[in-house]
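Here's the structure we're looking at; comments come further down.
The values are calculated or read from the model by the stated rules, or taken from the named source; none is laboratory data. Note that the structure is predicted; figures quoted are calculated from it, not measured. Heads up, the Cβs are rebuilt from the backbone with ideal geometry, glycines too, and the neighbour counts pull from every protein chain shown. Heads up: the accessible areas ignore ligands, DNA and RNA and are worked out on the full protein's heavy atoms, side chains in. Shrake-Rupley method; radii C 1.70, N 1.55, O 1.52, S 1.80 Å.
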Amino acid sequence: ITDAFKVKRKVDRFNGVSEAELLTKTLPDILTFNLDIVIIGINPGLMAAYKGHHYPGPGNHFWKCLFMSGLSEVQLNHMDDHTLPGKYGIGFTNMVERTTPGSKDLSSKEFREGGRILVQKLQKYQPRIAVFNGKCIYEIFSKEVFGVKVKNLEFGLQPHKIPDTETRTQRRWLLRKKSMIQAMRQLTAVPMGKTHVMGNLVALLQMG
């Protein structure tokens, strides 16, 4: 059999649900008052829209790092996301509501509008800490909301405050993604990645 007759098997990631259908779905926020932390993503991906939960991808290390940092005392997964506000004071939202295959599919207008809506959410719920999950999203947020193009961005506590909030901690933490993935493959490097930043969150919360 030549290559011309070989049929490439298509992987059905979503059990027959089409990508077009997933693009019409959204991922609900998990927000309430008196939260310690709100984790902020850019927008829902296809797997998140399909599962209806935050950070569900099999290769996503978010839940592993949450456990290793000490923010949760047991290993959780995406099915537990709705329990985190009550158990751990952690909520979830995204900067842009629309589901896409990737963040590059979003327009500048969507980022601007999403940033405005995100600020309104943070002003309403006033969590102690707003955590932007990755360098890219904070750079976008800073540009669209504060009008500041960030240079030489360092991971961790950021200088700008969420406007008009009464929260004790009004600054953002960033979670390193690429180094975290590498760290999970080599446990000796974990303190340099996302787990280390989450551990810093624990220390900050314990300060009162």
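Condition (residue is open to solvent by less than 30 Å² (accessible area, probe 1.4 Å), more than 22 Å from F141 (Cβ to Cβ) and in contact (Cβ under 8 Å) with a residue 40 or more places away in the chain) applied to the range 94-116: is it met by at least one residue? Steps first, answer last, please.
Of the range 94-116, the ones open to solvent by less than 30 Å² (accessible area, probe 1.4 Å) are 94-96, 99-100, 102, 106, 111, 114-115.
Of the ones still in play, those that are also more than 22 Å from F141 (Cβ to Cβ) are none.
Scanning the range 94-116 turns up no residue that is open to solvent by less than 30 Å² (accessible area, probe 1.4 Å), more than 22 Å from F141 (Cβ to Cβ) and in contact (Cβ under 8 Å) with a residue 40 or more places away in the chain.
From F33, F141, which residue is at pLDDT 90 or above and out of contact with any Cys (no Cβ under 8 Å at 6 or more places or on another chain)? Steps first, answer last, please.
On the way: F141 fails: at pLDDT 90 or above.
Answer to the selection: F33.
Within the bounds of the range 76-97, is there any residue that is part of a loop (DSSP other than H, G, I, E, B), over 11 Å from the mean Cα position of the chain (by Cα) and hydroxyl-bearing (S, T, Y)?
Just the residues of the range 76-97 that are part of a loop (DSSP other than H, G, I, E, B), to begin with: 76-77, 89, 95-97.
Restricting the remaining residues to those that are over 11 Å from the mean Cα position of the chain (by Cα) gives 76-77, 89, 96-97.
Subset that is hydroxyl-bearing (S, T, Y): none.
For the range 76-97, residues part of a loop (DSSP other than H, G, I, E, B), over 11 Å from the mean Cα position of the chain (by Cα) and hydroxyl-bearing (S, T, Y): absent.
Are any residues in the range 26-58 in a loop (DSSP other than H, G, I, E, B), hydrophobic (A, V, I, L, M, F, W, C), touching a strand residue (DSSP E or B) at 6+ places or on another chain (Cβ under 6 Å) and open to solvent by 10 Å² or more (accessible area, probe 1.4 Å), and if so, which ones?
Within the range 26-58, the first condition is being in a loop (DSSP other than H, G, I, E, B), and the residues that meet it are 26-29, 31-36, 42-45, 52-58.
From the residues that got through so far, the ones that are hydrophobic (A, V, I, L, M, F, W, C) too are 27, 31, 33, 35, 42.
Restricting the remaining residues to those that are touching a strand residue (DSSP E or B) at 6+ places or on another chain (Cβ under 6 Å) gives 31, 35.
Scanning the range 26-58 gives a single hit, L31.
Can you say whether L106 is of a type in the set (A, V, I, L, M, F, W, C) and over 14 Å from the mean Cα position of the chain (by Cα), as far as the supplied structure shows? Steps first, please.
Working: of a type in the set (A, V, I, L, M, F, W, C): yes; over 14 Å from the mean Cα position of the chain (by Cα): yes.
Yes: the conditions hold for L106.
Which one of the conditions (1) of a type outside the set (S, T, N, Q); (2) modelled with pLDDT of 80 or more; (3) more than 16 Å from the chain's Cα centre (by Cα) does K161 fail to meet, given that it meets all the rest?
Failed condition: (2).
Every residue in the range 61-93 that is surrounded by 20 or more Cβ atoms within 10 Å (Cβ to Cβ), modelled with pLDDT of 90 or more and hydrophobic (A, V, I, L, M, F, W, C), please.
L84, I90, F92
Would you say P58 is more than 18 Å from V131 (Cβ to Cβ) and at pLDDT below 90? Lay out the reasoning, then the answer.
Numbers: more than 18 Å from V131 (Cβ to Cβ): yes; at pLDDT below 90: yes.
So P58 passes the test.
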